[in-house]
Amino acid sequence: MKIRLTKWKIGTFAIGLGWLIWGSFYYQFTDWDVGVSILMAGVTFLTADWCVDVLMRRQWRKLPLAIIFAWLAVDGVYVAWHPLAGNTMLRGDQWPTSLCLYLLCGFIWRLGE
C-alpha cells in the first residue's frame, strides 16, 4: 500500500477535517467530538483512496485488507474511541454515513491523480 500525498489530497483533507471539527461543536451529538473526528479522518486519509483503487481495479487478493482498512476507518476507530471518551454511541446511525463519506473521499482522491 502506497500513501499518496498530493496538494489536492492534503487540501481537501484539511477542508473536510475542518468541517468535521466544526460539526462536532455545532451539532452536539453525543458521539461526535473532536477526537473521533481527527482519528476517523486520519485513518480515512491514509487508506480510502487505496481501498477504492482495490475495488475499481478488481484486485480481489487485496480485498480482505481493503475491507479491514475500511472497517477500521468507518467503525473500528469509532467503537474504540467512545468507551474511552465516555460517550454514548449512536452506531446504527453513524456507520452508513461514515461509509458513504469514506468511499466518497476515496473516489475524490483517486480523481486528483
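The values are calculated or read from the model by the stated rules, or taken from the named source; none is laboratory data. In this text, all values refer to a predicted model and were calculated from it rather than measured experimentally. Here the Cβ positions follow ideal geometry from the backbone for every residue, glycine too, while neighbour counts run over all protein chains shown.
Here are the numbers for the structure shown:
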item: Set GLY35, GLY86: member being farther than 20 Å from ARG110 by Cβ, surrounded by 13 or more Cβ atoms within 10 Å (Cβ to Cβ) and modelled with pLDDT under 95; result: GLY35
item: Some residue of segment 63-71 being in contact (Cβ under 8 Å) with a residue 12 or more places away in the chain, under 21 Å from ILE21 (Cβ atoms) and buried (at least 20 other Cβ atoms within 10 Å of the Cβ); result: no
item: For ASP53: the one exception among (1) more than 25 Å from ILE15 (Cβ to Cβ); (2) in contact with a Lys or Arg (Cβ under 7 Å, 6 or more places away or on another chain); result: (1)
item: Every residue from segment 14-43 that is polar (S, T, N, Q) and over 14 Å from TYR102 (Cα atoms); result: SER24, GLN28, THR30
item: Matching residues in segment 1-59 - criterion: being within 19 Å of MET89 (Cα to Cα), of a type in the set (D, E, K, R) and in contact (Cβ under 8 Å) with a residue 60 or more places away in the chain; result: ASP31
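To keep it simple, each residue is scored yes or no on (1) part of a helix (DSSP H, G or I); (2) out of contact with any strand residue (DSSP E or B) (no Cβ under 8 Å at 6 or more places or on another chain); (3) more than 19 Å from PHE69 (Cβ to Cβ).
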{"site": "TRP8", "(1), (2), (3)": "yes, yes, yes"}
{"site": "PHE13", "(1), (2), (3)": "yes, yes, no"}
{"site": "GLY18", "(1), (2), (3)": "yes, yes, yes"}
{"site": "GLY23", "(1), (2), (3)": "yes, yes, yes"}
{"site": "PHE29", "(1), (2), (3)": "no, yes, yes"}
{"site": "TRP32", "(1), (2), (3)": "no, yes, yes"}
{"site": "MET40", "(1), (2), (3)": "yes, yes, no"}
{"site": "PHE45", "(1), (2), (3)": "yes, yes, no"}
{"site": "TRP50", "(1), (2), (3)": "yes, yes, no"}
